[in-house]
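Q: First, the structure itself, so that you have it in front of you.
Just so it is clear, none of the values below were taken in a lab; they were calculated from the coordinates. Quick caveat: nothing in here was measured; it's all calculated off a predicted structure. Here the Cβ positions follow ideal geometry from the backbone for every residue, glycine too, while neighbour counts run over all protein chains shown.
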């Protein structure tokens, strides 16, 4: 074997020399992955954002598109009807459910006096019981409820003005949904009042 | 394996039933239990694993002469991880709702024992052709096992199969099947059934 | 450092969302190793230790290098490209870096134990490389990955990441030791032939999972109890 | 923009690879444990079935035992002659004459010989019956529930009238029965001849204690020890040192002297025995009466 340059020898059988394949591979994969990321990243971001953007118009009657706007320190969506006038608000909200976090979108009338729609983005409640909170039949109860006083789940089938019929076997899930709605609506109304007081 | 080094076709056949990675070798059980709540999720996971397994096997068998024994595992892990990230991004870009549902189990393919096992047993020793056929056989076996488990759990749990209503409406959904205990029970009984079936065949043949 | 939050997190990872019985990760080791209690306990401690090391390393790697706008990478980016304000996002390398860290830390731990604790190494040496392919560790790193960085939902500090890893490891050890105890008695029981080995273990694990499902909802009660 | 990002990604990966490569290399150096290369060679030669026939956990364990503790190279039943020879070449040691290892049952008491038996209605396996104290008078002897029969893959051991009997024609000496027996009364013994002498009892009590529990148990009278040096009596039970067993000498004298006839010949039946038995008609095969715990007479339900 021809006499190799000592520096090259000391690198070759030093620690790094043995793992030249690992170094080469990791650089090569670093490049390919950043290429993949550059190629696919904005597609994923659009997927993420328009997932909730698609639902926003459905929560407010007469709304066609949604626009993300900040009220006070909350980033909310403003639902606009055909001629771009405000048809209502849609607030993203998160809270602790029975098994894990629950993410919901709350639709409100323009003056935030009553609820106009509710939809659950993602949840990990017990399938078959807690997961029935995503059914529109249960969520439609919230439409039209006032936002001045807080909503409470009840057992009796005929709920009164600000009561919601809880799902049998999933009282904690229904209770947590009501709790999330109450907290976030109260926070949003305070922000809205502050913004309207000094536009 | 019983013989010294089986040919490509034998490895392909063995991958599906006789050496089925999940039921016979009990490897790669983590995703099998977690993702088999419904058929669509099972199929997506199978395609993802198949893609990763085939690409990783080809790359490893291409560079098998350069491998050093003590750094072998790190090289396997690197190639598998990069292919899994590619699959993860592809899934998030083109099938976003499924990517949400599978959640953390797509990156978990990296530590799926099947892939590392196939790389070590087959790809780092055989030529490319044998490695690819072995990979396809194993992923078909993986898919078969996953779909069989998912169909059990979905039919019993939510009365539908791949979305189509199978059970009559009067069927009370057996919610346990969708929950973790159901996964364990279905998997345990299926392994029992496969063992019983193979021992039956062995008695008949011997 | 709200201790209650940390305690709830630990309680949650150990009992309620137990890694083996709720998230199904680490089943390969769970079926393979749980023959005898000492072996299972040894394996559990090894997994917990490696999980702790891996969680710390991967948290710092992600926090300083890979999260969008990470301090170190944006510093390098600024030096190369002064004046550009674009956010540097390398989160694509999350998985690779985590598994790289896990593989090398398992290799280091194996060499360390082989050198200084030969008896321990002889007891479960064969299972140490198996830990690299143990899904529980990478699952913990993925869980941490989700909670690191500024735009993460509720960013975790190093303390929470380490606590999650350790408590998940303890949950794993608890599950595997319980199963080992049962399996030692199963030898005396008359298990039908096809169910021997993995079959009966999985069915017992199913019953365990049902028992552990009883814990769901306790952390809500505890949170209310502590006035959260 | 793409170029910078991929450059940065490559840089980060390079940084990581360098760091872990360096630390692994350094750890490899400092934590290096010198392993005898011979172990790998011997392990390579062994069949690798990890059957445990050599008495070690697996082939790797047996290989390190050979190299480190100098254990005899002929213990591998599956590898047999060729494998022992190859290991000897590696170790540079000459191969001692190796004999096949076969199991010997250290009990000769059938159901009628065992006294103080209680009706046992529990789990019909030896390992479970062994947990029940006082199931039969003798606490050392064979229980007769056939765990060894279940574990034997070569159908070479059967329960005859409550006592397990080895069929030396079919037995290959894998040692599974010796491992499974909960009372450890089956030991693997090197057979220097077709059939050799063996002690058919494992009762460690003395005189009347043995007689009160068994008709054929060894009472520890030490007659055999006086007659031949290979018998050694330890706490009332003789044991044979098979390495000194001399195939040339006939131990018929010891067999006749033993008052309880517990020293018997074991091994393949010689032609003389086969002729003696050939005239007897073969007993008709016994169908399994299903051992129900409830019999028709006294219904406890």
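Q: Using the Kirkwood radius over C-alpha pairs as Rh, can you work out the diffusion coefficient of region C:10-225 via Stokes-Einstein at 4 °C, viscosity 1.567 mPa s, in µm² per second?
A: Working: Rh = 18.9 Å.
Result for D is 69 µm²/s.
Q: Roughly how many Å is it from the Cα centre of region B:143-162 to that of region A:24-71, as a whole number?
A: For region B:143-162 versus region A:24-71, the Cα centre distance is 31 Å.
Q: Taking beta carbons within 10 Å but only from partner chains, what does the mean come to for residues B:24-32? Intermediate results must be reported in sequence, preceding the final value.
A: Working: counts 0, 0, 9, 3, 4, 9, 14, 4, 2.
The shielding value for this peptide is 5.
Q: Residues of region A:26-52 with the amide nitrogen closer than 18 Å to a label point 7 Å from the Cα of residue C:81, along Cα-to-Cβ, please.
A: It comes to A:30-43, nothing else.
Q: Another one. What does the average come to when, for each residue of peptide B:190-203, you count the partner chain Cβ atoms lying within 10 Å of its Cβ?
A: 3
Q: Okay, next question. Which residue, A:143, A:44, A:27, has the most motion in a Gaussian network model of chain A that connects Cα atoms within less than 10 Å?
A: Comparing A:143, A:44, A:27 in the GNM, the peak value goes to A:27.
Q: Continuing with this model, one more query. Indicate, rounded to the nearest 5 percent, the antiparallel portion of the DSSP beta bridges found entirely in the protein assembly as shown.
A: 95 percent
Q: Sticking with this one: Can you give me the C-alpha center-to-center distance between region B:49-127 and region C:25-40, rounded to a whole angstrom?
A: Taking the Cα centre of region C:25-40 as reference, the centre of region B:49-127 is 25 Å away.
Q: What order, most packed first, do the peptides A:46-56, D:102-112 have when packing is the mean number of other Cβ atoms within 10 Å of each residue?
A: Working: A:46-56: 15.5, D:102-112: 21.1.
So the peptides A:46-56, D:102-112, ranked by packing, come out D:102-112, A:46-56.
Q: Among B:50, B:145, B:193, which one shows the biggest mean-square fluctuation in a GNM of chain B, springs joining Cα atoms closer than 10 Å?
A: Highest fluctuation among the options: B:193.
Q: Please compute the average number of Cβ atoms from other chains found within 10 Å of each residue's Cβ in peptide C:17-30.
A: Counting other chains' Cβ atoms within 10 Å and averaging over C:17-30 gives 5.
Q: Roughly what angle does helix C:37-61 make with the longest principal axis of chain C, taking Cα atoms, 0 to 90 degrees, to the nearest 10?
A: 10 degrees
Q: Just grab the label-to-label distance for residue D:154 and residue A:49, each label 7 Å out from Cα along the Cβ direction, in nm (one decimal).
A: 7.5 nm
Q: According to a simple spin-label model (label point 7 Å from Cα along Cα-to-Cβ), what is the distance in nm between residue B:63 and residue C:38?
A: 4.2 nm
Q: Taking springs between alpha-carbon atoms closer than 10 angstrom, which of C:98, C:34, C:60 fluctuates most in the Gaussian network model of chain C?
A: Per the Cα network of chain C with a 10 Å cutoff, C:60 tops the list.
Q: Give the angle, between 0 and 90 degrees and rounded to the nearest 10, that separates the Cα long axis of helix C:71-80 from the longest principal axis of the Cα atoms of chain C.
A: The angle comes out at about 40 degrees.
Q: May I pose another question? Only Cα pairs under 8 Å and at least 6 apart count here; give the relative contact order of region B:8-147 as a rounded whole percent.
A: The value is 51 percent.
Q: Only helical DSSP H runs with n ≥ 4 go in: add -39500 (n - 2.57) per run for chain A, normalise by residue count and round the 222 nm mean residue ellipticity to 500 deg cm²/dmol.
A: -13500 deg cm²/dmol
Q: I would also like to ask the following. Using only helices, what value at 222 nm comes out for chain B when you add -39,500 (n - 2.57) per DSSP H run of length 4 or more and divide by the total residues, to the nearest 500 deg cm²/dmol?
A: The helix contribution divided over chain B gives -21500 deg cm²/dmol.
Q: So for the pair residue D:34, residue A:186, with labels modelled 7 Å out along Cα→Cβ, what separation do we get in nm?
A: 7.5 nm
Q: For chain D, find the longest principal axis of its Cα atoms and tell me its angle to the long axis of helix D:2-30, 0 to 90°, nearest 10.
A: Helix D:2-30 sits at roughly 50 degrees to that axis.
Q: I would also like to ask the following. Quick check on chain D: helices-only [θ] at 222 nm, where DSSP H runs of length 4 and up contribute -39,500 (n - 2.57) each and the sum goes over total residues. Nearest 500, please.
A: -9000 deg cm²/dmol
Q: Okay, moving on. Calculate, for residue C:211 and residue A:143, the FRET efficiency according to 1/(1 + (r/R0)^6) with r their C-beta to C-beta distance and R0 30 Å; round to the nearest 0.05.
A: Result of the calculation: an efficiency of 0.15.
Q: Determine the gain in length on full extension of the stretch residue D:131-residue D:118; use 0.36 nm per residue of separation and subtract their C-alpha separation, reporting nm with one decimal.
A: Gain on stretching residue D:131 to residue D:118: 3.3 nm.
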